[in-house]
Amino acid sequence: MKKVVLAYSGGLDTSCAIKWLKDKGYEVVCFIADLGQGLGKGEDFGAIEERALAAGALKVYIKDLQAEFVKDFVVPSLKANAVYEGKYFLATALGRPLIAKYLVEVAHKEKAQCVSHGCTGKGNDQVRFEVTIGILDPELEIIAPLRCWEFKSREEEIEYAKKQHIPIDVTRKKPYSIDRNIWGISIEAGVLEDLEKEPPEDAYLITKNPSDMSGHPKYVELYFEKGVPRKLDGKSLPLKALINELNRIGGQYGVGRADMVENRLVGIKSREIYEAPAAAILHTAHKELEALTLDRETLHYKEIIALKYAELVYYGLWYSTLKKALDGFVAVTQEYVTGSVKLKLSRGNCVPVSRRSANSLYKKELSTYGKEDKFNQQLAEGFIRLWGMPYQK
Ligand code: ARG
């Protein structure tokens, strides 16, 4: 009998996939990754494990990957300032290669020949999973039930689940497709597919509506050590706790929402909304500290790297040589990125208001218009002449 390891979420698609794979003659082992997704009301990982077993899984692995996710995926992308098409902090995209890595690991442990996932044929996630699996173990066969099974709609899947006694929660109305982890939430489908409509408030899960808020601002101070966030308001915190806390505070002030039409890798434009308060705050603070500590040319070049880095993450190329090489570039720059930035959060905005670093390249005696001025203005004349010389006719 062939064995398959399925990336299981507990939702309708992957629950049906268990039974579907089993009926195709596979032994199904489920792998559940805890990336800080938060579960449905009254749900825990035990309940999801029960559901997988009831749907026909032979065995279930549950692994808390949050610490590894934050350290090895989130922080490198933050150091690189990786943001896709100017708005998306890549929460979903960063999670996929890590889940794929453990799918492969469990497949080896279980001596399984195949791995499987619940992605459709229209999205980026299938690419991220399969490219990563292909890099880590090209021998593994990949099965994508949603690309080839007979169900044409959610209703048909529910019908199948009922007939097959697959325990699913159909009472809960599911107007959106949601992917969530500690770094952010991606929300699509339903009314969001109408580009001319503003997203309804009920689509947002962790951020308050900025327009409902009083003008009362909140200040937060972040300390970074070599590009890694270490302290919040002077208090050292492990990364996971720091991100959770910033999600909480940022969410209170409506920070980190995005409404976006994005270009998927498979050529489709899609509308998605995002909530990522911690990511928005940390990216803003980190960039501000780089503005203070990096010289102009390094900073400008790094912006080019950031664009490419975000594309590679989005395109599922986390384990590529180019991504690794860009990490090398970024690592050199982050040597200098130590210091503190204070931000003001108010009505959905997050802006830096003060910054401080022992590596600061700011020289007040050069920039000042006051009497402490040490800048020799005579030198400017010659500089401008040489600088403009090539352009004179
Ligand atoms: N568009 C995002 C990406 O490709 C998120 C995809 C998953 N979104 C979702 N709502 N299930 O990374």
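Bear in mind these aren't lab numbers, they're just calculated from the coordinates by the rules spelled out. Quick caveat, the model's predicted, so the values are computed rather than measured. Cβ sites come from the backbone with ideal geometry, for glycine too, and all protein chains shown count toward neighbours.
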Checked against a 20 Å limit on the C-alpha separation, the offending pairs among Lys59/Lys111; Lys226/Lys302; Lys287/Lys342; Lys218/Lys342; Lys208/Lys344 are none
For the chain, percent of DSSP beta bridges that are antiparallel (nearest 5) comes out at 65
Once the in-chain neighbours fewer than 8 apart are removed, the lysines whose Cα is under 16 Å from Lys174 read Lys41
Of Glu157, Glu245, Glu198, the most mobile residue in a GNM of the chain (C-alpha springs, cutoff 10 Å) is Glu198
Rounded to 0.05, the calculated FRET efficiency for the beta carbons of Lys235 and Lys109 at R₀ = 35 Å is 0.35
Ratio for region 134-281, C-alpha Rg to 2.2 N^0.38 Å, reads 1.36
Given backbone amide H placed at 1.01 Å from N, residues whose amide H is under 5 Å from that of Ile143, ignoring those fewer than 5 places away on the same chain, are Val115, Ser116, His117
The ³J(HN,Hα) series, computed from each phi in region 126-134 with the Karplus coefficients 6.51, -1.76 and 1.60 at θ = phi - 60°, rounded to the nearest Hz and given as x for glycine or proline, is 4, 5, 4, 4, 6, 5, 5, 4, x
